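One structure is given here, and the rest of the page talks about it.
The values are calculated or read from the model by the stated rules, or taken from the named source; none is laboratory data. Keep in mind that this is a model prediction, so the values were computed, not measured. Neighbour counts are summed over all protein chains in view; Cβ atoms, including those assigned to glycine, are modelled from backbone coordinates with ideal geometry. Surface accessibility is based on the protein's heavy atoms, side chains included, excluding ligands, DNA and RNA. Shrake-Rupley method; radii C 1.70, N 1.55, O 1.52, S 1.80 Å.
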Amino acid sequence: MRKWFQYVVPHKLKYRLFVAFALLILLPFGILNVYNFQRIESVIQEKISDQSHEQLKNLQRTLQDQMSIAFKALIFLEQDAVVRNLLKAPETGNLLDNKDVMEEKFKGINNSFFLYNPSVYFTLLDLQGNVYTSYQPKTTLNYESMRQSRWFEETLRKGTPYQWVPNDDNYLFSDLSRSSTLLSLYGVLRDSQHKPYGMARVSIDYSYWFKSILNTSSGGQEYFLITGEGEDVAQGVSGDSLSLEVSDEIVSGGKQEGYLIDPVSEALINFSYIESLDWYIVNRIPSAILFDDLYSLKQQYFLTFFLFIAAFILIAFMIAYGFTRPLSHMQNKMREAVRKDLNIRLPEKRYKGEVFELAQTFNTMLADMNGLIRRLKTEEREKDAVHFQMLLAQLNPHFLLNTLNTMKWLALRNDQDEIAEMSMSLGKLLETSLNSDVDLIHLRDEMELIKAYIYIQQMRYNHRFTIHYEYEQANEYVLVPKLALQPLIENAIQHGIAHMTEGGSIRIRIYAEEEQSLIVEVEDNGVGVERASTMQPGRKRPGIGLKNIKERLRLLFKEKGSLEISSSESGTLVRLQFPYLLSRPFDQGQNASKDHGDL
């Protein structure tokens, strides 16, 4: 793969510049233009779709208005006293007179509500075998079959005042309407005692309404009505219909409104859902109407774009060639500078423009590098001098150790055992602090240092406190940070026990937690942090020692080391936690054993 890549990528700088121009400028620019045109198409689609949805909502509102008017007509029929009396007591007049009265009522309702709309049909039934319609159908009316209609039965049985039937059977007015089915409002007429005295049906020829609203599809746009199952209900243009794939995608999406692209005709399909009827109003806009002008503009633009690319390639190649000639000369000079240990300068007078600045910068860089080398050599000599001074400074602590050793022998000679023991304890602490090469020591060695420090403090405070040790002998070779316990004991004494006249107690607990972590706890029964801060207003706990330990834990163990402090009126508990590192020493020629993440 790498060899093939080497063959593809040019080696000369001028060719690489040319390829870089093509990949970094021309290619992204071309992709950006294609994306922008696609984005323009999407914006046009969304804008036209929004406009189309407004038209669909207007259509839906006109249909809702028709339905509202039909409902008002039903209420009018129910509240009309003449209609009520005629349906309750048809025997008061002869049949022909009753029909004439009803026809006048129907004409008055149509004139008042529907403005002479011939697509609305009225049907009234009393409960005594009479049927009244707004238009006389050619077929003979059968009262019993109409009375037993499932919609009349459901409306009467449910006790609801009315219900809409979107696909009602058109057996009465099939010779008058254009729709194979009608949009009908079924209702039961009831008197003031809520007793039924008749039934009514107001039917709307939605095909006639649909075409009368649209007249002709403006601008080549087409409109459709489909059911919630995807079946055609009405079309703006006769003989036209939606494809099965488009209908299925509309009804299966479950959206109230939206748009999609017909994959076959590439037409923009907009739809809006009529929840009360479980219908969809659909608008189809052919792609030629949407993008005809845009396609022409795109062809002109890309023709100009490709001509521009050709000119750009030629100019880029010329620039790359002119730019790389002086660089080749500079390359040779740089190789010569390497051979002569940077003691060379480029001839700046031979160059102009950016190449001149590059040569000038290169000469400055060589001068700075030579100066840097000189400074590094000077600093190295200074570090050696500082190291020598540090070696001299170590003589002073060793002098203190020798002095303590002399004091110990003088105390033993004069039978001053306590002074001798204190000198030995202080010598142990001082000698351990001088050993800067070791950060971790065995727990056994740390406990010896703690006992030496406690001996000094017992003498200072006249044995006013007791010390308790709780740790297993198996953990004596666990590695702990050097002098990690001494600041904890010091804080427990100075800030807790020192304020007590007697009865002070310090407990040191060391144990392993699931052999993964070592827990070190120092607990005292002193006055606590809050009270100690009031008794020593000049100092606040925790002090410098605890901060030092926390920083050492962070440096040694990162996030695996922690220090926690909990205080109450009955004392203070300081808890250290760090990894369990067991390191046994050499024993009778055997290798040291290390367990549980040993170093």
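Miscellaneous remarks
- With respect to the conditions (1) closer than 30 Å to G30 by Cα; (2) polar (S, T, N, Q); (3) at pLDDT 75 or above, T364 falls short on a single one, namely (1).
- Selection of segment 266-285 for residues being assigned to a loop (DSSP other than H, G, I, E, B), out of contact with any Ser or Thr (no Cβ under 7 Å at 6 or more places or on another chain) and open to solvent by 30 Å² or more (accessible area, probe 1.4 Å) yields E275, S276.
- Looking across segment 439-490, the residues that are open to solvent by less than 50 Å² (accessible area, probe 1.4 Å) and assigned to a loop (DSSP other than H, G, I, E, B) come down to Y461, E476, Y477, K482, L483, A484, L485.
- Some residue of segment 111-126 being in contact with a Phe, Trp or Tyr (Cβ under 9 Å, 6 or more places away or on another chain), in a strand (DSSP E or B), open to solvent by less than 60 Å² (accessible area, probe 1.4 Å) and of a type in the set (F, W, Y): yes
- Out of K99, K105, sole residue that is closer than 18 Å to Q136 by Cβ, in contact with a helix residue (DSSP H, G or I) (Cβ under 7 Å, 6 or more places away or on another chain) and surrounded by 12 or more Cβ atoms within 10 Å (Cβ to Cβ): K105
- Tallying residues that are in contact with an Asp or Glu (Cβ under 8 Å, 6 or more places away or on another chain) and either open to solvent by 40 Å² or more (accessible area, probe 1.4 Å) or not in a helix (DSSP H, G or I) (or both) within segment 491-505 yields 3.
- Scanning segment 514-538 for residues that are among the hydrophobic types (A, V, I, L, M, F, W, C) and modelled with pLDDT under 70 gives V529, A532, M535.
- For segment 561-586, taking the residues that are under 17 Å from I510 (Cα atoms) and not in a strand (DSSP E or B), the one that is farthest from the chain's Cα centre (by Cα) is identified as L581.
- Test: residue in segment 67-84 that is under 30 Å from Y259 (Cα atoms) and not basic (K, R): yes
- Within segment 108-162, considering residues that are at pLDDT below 75 and small (G, A, S), the one farthest from the chain's Cα centre (by Cα): S112
- Restricting segment 190-208 to residues that are among the small types (G, A, S) and part of a strand (DSSP E or B), the residue that is farthest from V233 (Cα to Cα): G198
- Residue list for segment 191-213, restricted to those being polar (S, T, N, Q) and either open to solvent by 10 Å² or more (accessible area, probe 1.4 Å) or more than 59 Å from the chain's Cα centre (by Cα) (or both): S192, Q193, S207, S212
- Top-ranked residue in segment 551-573 [being of a type in the set (G, A, S) and in contact with a Gly (Cβ under 9 Å, 6 or more places away or on another chain); ranked as least open to solvent (accessible area, probe 1.4 Å)]: G571
Conditions tested, residue by residue: (1) small (G, A, S); (2) touching a residue at least 12 places away in the same chain (Cβ under 8 Å); (3) open to solvent by less than 20 Å² (accessible area, probe 1.4 Å).
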| residue | (1), (2), (3) |
| --- | --- |
| I40 | no, yes, no |
| I48 | no, yes, no |
| S52 | yes, yes, yes |
| Q60 | no, yes, no |
| Q66 | no, yes, no |
| I75 | no, no, no |
| A89 | yes, no, no |
